[in-house]
Amino acid sequence: MTSDGAPLLGIDIGGTKLAVAVSTAEGEVLAAQREPSRAEDGPDAMIGRAVGMARRVVAEAGLGVTDIDAIGIGCGGPLDPWRGVILNALNNPGWTNVPLVERIQAELDRPTFLDNDANAAALGEHRFGAGRGVRNMVYLTISTGVGGGLILDDRLYHGENGNAGELGHISVRVAGGRPCHCGSIGCIETYCSGTNIAARAREALERGEGATSALAERPADELRAEHVVAAARDGDALACAIWDETTELLGGGIVSIIHAFNPQLVILGGGVTRAGEMLFEPVRRVVADRAMPWLSEAVTIVPAELGEHTGVLGAVAVAQERMSMIERTHG
Ligand SMILES: [Zn+2]
């Protein structure tokens with residue numbers, strides 16, 4: 001069992017990269033590999049490559065597959081964490097009703113568990129990163145999309161069918177809000193994801209705003225969130241307007257999250273948070289201004305700590321969480 005320190009395997013299946021690692025029970029990475037996911041190849045090819053990578057990292061760590069205590073997988077949802085089935089991964093074409101846990105278990109023959117990538121990252125930060133020792137915390141990843149995970153009373157909160165924590169789809173602007181692929185409007189994701197920060201800049205330029213902006217000098221299809229951040233840092237008026245709206249709406253979303261869950265910690269991770277204090281300072285200010293004082297005084301908003309190993313250590317933490325649930329059930 002995980003408590004004796006046996007190594008674990010983490011598999012992170014993303015829209016852009018496939019990552020696999022062996023770690024100790026304490027989250028020390030013993031061996032890791034990553035490669036582009038080539039999602040267009042479809043699930044069979046991706047699962048085959050993940051299994052191959054798993055065998056290689058286990059060997060690289062000087063172990064055999066039978067030395068591995070359990071395998072955790074993090075993948076984009078929606079999915080059924082209890083049956084281990086990917087229902088319809090939005091970022092990976094062809095992943096409809098894929099029994100991922102069964103497939104991996106058939107190849108590697110170790111106890112295998114699945115959760116969505118944001119829940120996995122939340123568990124990883126809780127066990128190994130910024131959330132160690134924290135009883136109530138919220139994790140938000142602000143990346144190509146915006147995902148979330150809730151650790152409540154020291155446990156990952158799954159909700160009724162395993163899909164709780166879709167915090168990126170909290171509406172922060174209803175009247176005139178941007179339509180979201182989830183079916184709602186004005187979601188945090190439609191303003192604050194890297195994809196949508198860039199899209200909002202492109203749309204503003206198309207409307208003829210910011211003709212003198214540094215953003216107008218770049219071909220529209222090459223414009224990315226990091227360019228908006230860099231231009232805002234230089235005081236570019238259009239970039240500042242877009243960035244201010246981004247942090248204002250993200251802060252507003254976090255106020256709602258704090259009101260709902262009264263966390264001690266909000267951890268922000270994902271590529272967009274590389275903006276650093278340019279993101280954290282205004283978000284903290286919105287929370288201080290707008291959240292109920294007894295809730296805002298209880299919370300700290302900090303950057304994620306796991307960095308490049310977030311996905312695989314999150315997956316490892318999924319395996320540990322589920323093994324400990326089994327231990328609690330079967331005593
Ligand atoms: Zn949405």
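Table: residues versus (1) hydrophobic (A, V, I, L, M, F, W, C); (2) farther than 22 Å from residue 121 by Cβ.
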{"site": "232", "(1), (2)": "yes, yes"}
{"site": "272", "(1), (2)": "yes, no"}
{"site": "292", "(1), (2)": "yes, yes"}
{"site": "298", "(1), (2)": "yes, yes"}
{"site": "312", "(1), (2)": "yes, no"}
{"site": "316", "(1), (2)": "yes, no"}
{"site": "320", "(1), (2)": "no, no"}
{"site": "325", "(1), (2)": "yes, no"}
{"site": "329", "(1), (2)": "no, yes"}
query: Can you pull out the residues in segment 179-195 that are in contact (Cβ under 8 Å) with a residue 12 or more places away in the chain, outside any loop (DSSP other than H, G, I, E, B) and either over 20 Å from residue 16 (Cβ atoms) or away from the ligand (no atom under 11 Å from the Cβ) (or both)?
result: 185, 187, 188, 190, 191, 192, 194, 195
query: Going by the structure shown, is residue 27 on the phi > 0 side of the Ramachandran plot, among the small types (Gly, Ala, Ser) and buried (at least 18 other Cβ atoms within 10 Å of the Cβ)?
result: yes
query: Could you give every pair whose Cβ atoms fall below 8 Å, whose first residue belongs to segment 30-42 and is of a type in the set (Ser, Thr, Tyr), and whose second residue is surrounded by 14 or more Cβ atoms within 10 Å (Cβ to Cβ), counting only separations of at least 6 or pairs across chains?
result: 37/13; 37/14; 37/15; 37/17; 37/18; 37/46; 37/92
- request: Examine segment 35-44 for a residue that is in contact with a strand residue (DSSP E or B) (Cβ under 6 Å, 6 or more places away or on another chain) and either among the basic types (Lys, Arg) or closer than 16 Å to residue 320 by Cα (or both), and state whether such a residue exists.
  value: no
- prompt: So how many residues does segment 144-173 have that are away from the ligand (no atom under 12 Å from the Cβ), among the hydrophobic types (A, V, I, L, M, F, W, C) and part of a loop (DSSP other than H, G, I, E, B)?
  reply: 1
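Every residue, every condition in (1) of a type in the set (A, V, I, L, M, F, W, C); (2) free of Cβ contacts under 8 Å to residues at least 40 places away in the same chain, yes or no:
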{"position": "164", "(1), (2)": "yes, yes"}
{"position": "177", "(1), (2)": "no, yes"}
{"position": "197", "(1), (2)": "yes, no"}
{"position": "241", "(1), (2)": "yes, yes"}
{"position": "245", "(1), (2)": "no, no"}
{"position": "256", "(1), (2)": "no, no"}
{"position": "259", "(1), (2)": "no, yes"}
{"position": "262", "(1), (2)": "no, no"}
{"position": "267", "(1), (2)": "yes, no"}
task: For residue 25, state whether it is over 20 Å from the mean Cα position of the chain (by Cα), closer than 17 Å to residue 128 by Cβ and not in a helix (DSSP H, G or I).
output: yes
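Computed from the coordinates by the stated procedures, all read-outs in this text should not be read as laboratory data. The structure presented is a predicted model; accordingly, all values stated were derived computationally and were not measured. A quick note on method: Cβ atoms are made from the backbone with ideal geometry, for glycine too, and the neighbour counts reach across all protein chains shown.
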